Amino acid sequence: MTTFQVGHLIGSLAREAINRKLAVALTRLAPEHLTFSEIPIKDLPLYSYDYDDGYPPVARAYKDTIAAADAVLFVTPEYNRSIPGGLKNAIDWASRPDGQNSFTRKPSAVIGTSPGAIGTAIAQQQLRSVLSFCNSPQMNAPEAYIQFKLGLITDDGGVTNESTTQFLRNYMAEFHQFIVRVYTALSRDA
Ligand code: FNR
């Protein structure tokens, strides 16, 4: 079976981000035919189209990494009922220059965690809107709004609650199947 390389973006720039813990947990629970690498966003300058004639090396390398990934997984917090500015900035870099959008036809999935009861639901809805415009085929279901509780995920990505473990494992199995379906319809080189 084909192995797909997934780049994951963490929406948080914080050192102890709970969303990075969630991302590590997800990579541990994923099917064996998915491999993962985090695509860092914290050193990107603020995007402007003034850069379109010559991306700085950090942005070029970032954009090339997105372009090379078979799929992208967004693991994001909710800041002020939206996605963090750093994540939107990263998406803008990858979507440009005009006509060179690295998300087009790139399968994606969205997940996130916060201590609040709605578990990043509003941020995820807004991110989905952005990804629609970027022409990324998105996994619609299952949705995953994870309410973070102290001790839920250990520092090395172990999930301490069995039902959450099963939920996240199923989420990643569904993401794998979604990627397979997308590439059954689209060439990986398209
Ligand atoms: C938050 N937080 C938050 N939580 C939430 O559920 N909805 C929200 O709109 C917000 N807004 C918000 C704004 C800002 C600027 C901060 C710093 C925080 C709380 C947030 O969920 C919590 O800090 C998480 O720890 C953020 O995830 P990371 O960054 O640790 O992965």
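The values are calculated or read from the model by the stated rules, or taken from the named source; none is laboratory data. Values in this document were obtained by computation on a predicted structure and should not be read as measured data. Here the Cβ positions follow ideal geometry from the backbone for every residue, glycine too, while neighbour counts run over all protein chains shown. Each accessible area value is taken on the protein alone, full model and side chains, heavy atoms only, with ligands, DNA and RNA left out. Shrake-Rupley method; radii C 1.70, N 1.55, O 1.52, S 1.80 Å.
Filtering the range 71-94 down to residues that are touching a Ser or Thr at 6+ places or on another chain (Cβ under 9 Å), under 16 Å from GLY11 (Cβ atoms) and of a type in the set (Gly, Ala, Ser), which residue is most open to solvent (accessible area, probe 1.4 Å)?
GLY86
Consider ALA25 carefully, then state whether it is on the phi < 0 side of the Ramachandran plot, of a type outside the set (Lys, Arg) and within 16 Å of the ligand (Cβ to nearest atom). Lay out the reasoning, then the answer.
Details: on the phi < 0 side of the Ramachandran plot: yes; of a type outside the set (Lys, Arg): yes; within 16 Å of the ligand (Cβ to nearest atom): yes.
Considered against the rule, which asks whether it is on the phi < 0 side of the Ramachandran plot, of a type outside the set (Lys, Arg) and within 16 Å of the ligand (Cβ to nearest atom), ALA25 comes out as yes.
Evaluate the following for SER12: is it within 16 Å of the ligand (Cβ to nearest atom) and in contact (Cβ under 8 Å) with a residue 60 or more places away in the chain? Outline the logic, then answer.
Details: within 16 Å of the ligand (Cβ to nearest atom): yes; in contact (Cβ under 8 Å) with a residue 60 or more places away in the chain: yes.
So SER12 fits the description; yes.
Scan (1) touching a His at 6+ places or on another chain (Cβ under 6 Å); (2) of a type in the set (Asp, Glu); (3) touching a residue at least 60 places away in the same chain (Cβ under 8 Å) for the single condition GLU38 breaks and write down its number.
Single failed check for GLU38: (3).
Scan the range 95-109 for residues that are open to solvent by less than 10 Å² (accessible area, probe 1.4 Å) and touching a Ser or Thr at 6+ places or on another chain (Cβ under 9 Å) and report the count.
In the first step, residues of the range 95-109 are kept if they are open to solvent by less than 10 Å² (accessible area, probe 1.4 Å); the result is 103, 107-109.
Cutting the leftovers down to touching a Ser or Thr at 6+ places or on another chain (Cβ under 9 Å) gives us 103, 107-108.
The number of residues fulfilling the criteria is 3.
Tell me, yes or no, whether the range 120-140 has at least one residue that is away from the ligand (no atom under 13 Å from the Cβ), surrounded by 13 or more Cβ atoms within 10 Å (Cβ to Cβ), charged (D, E, K, R) and not in a helix (DSSP H, G or I).
No - not one qualifying residue is present in the range 120-140.
Condition first: open to solvent by 40 Å² or more (accessible area, probe 1.4 Å) and of a type in the set (A, V, I, L, M). Now tell me which residues in the range 21-70 satisfy that.
Answer for the range 21-70, where residues must be open to solvent by 40 Å² or more (accessible area, probe 1.4 Å) and of a type in the set (A, V, I, L, M): VAL24, LEU46, VAL58, ALA61, ALA67, ALA68.
Considering every residue within the range 91-98, establish whether at least one is away from the ligand (no atom under 16 Å from the Cβ), touching a strand residue (DSSP E or B) at 6+ places or on another chain (Cβ under 7 Å) and on the phi < 0 side of the Ramachandran plot.
Of the range 91-98, the ones away from the ligand (no atom under 16 Å from the Cβ) are 91-98.
Among the residues that remain, those that are also touching a strand residue (DSSP E or B) at 6+ places or on another chain (Cβ under 7 Å) are: none.
Within the range 91-98 (the criterion being away from the ligand (no atom under 16 Å from the Cβ), touching a strand residue (DSSP E or B) at 6+ places or on another chain (Cβ under 7 Å) and on the phi < 0 side of the Ramachandran plot), the answer is no, since none of the residues qualifies.
Spot the failing condition for GLY158; the list is (1) within 23 Å of LYS88 (Cα to Cα); (2) open to solvent by less than 30 Å² (accessible area, probe 1.4 Å), and only one is missed.
(1)
Counting only residues that are over 20 Å from PHE167 (Cβ atoms), give me the helices (runs of 4 or more DSSP H) lying completely in the range 1-114 with at least 3 of them.
Result: 57-68, 85-95.
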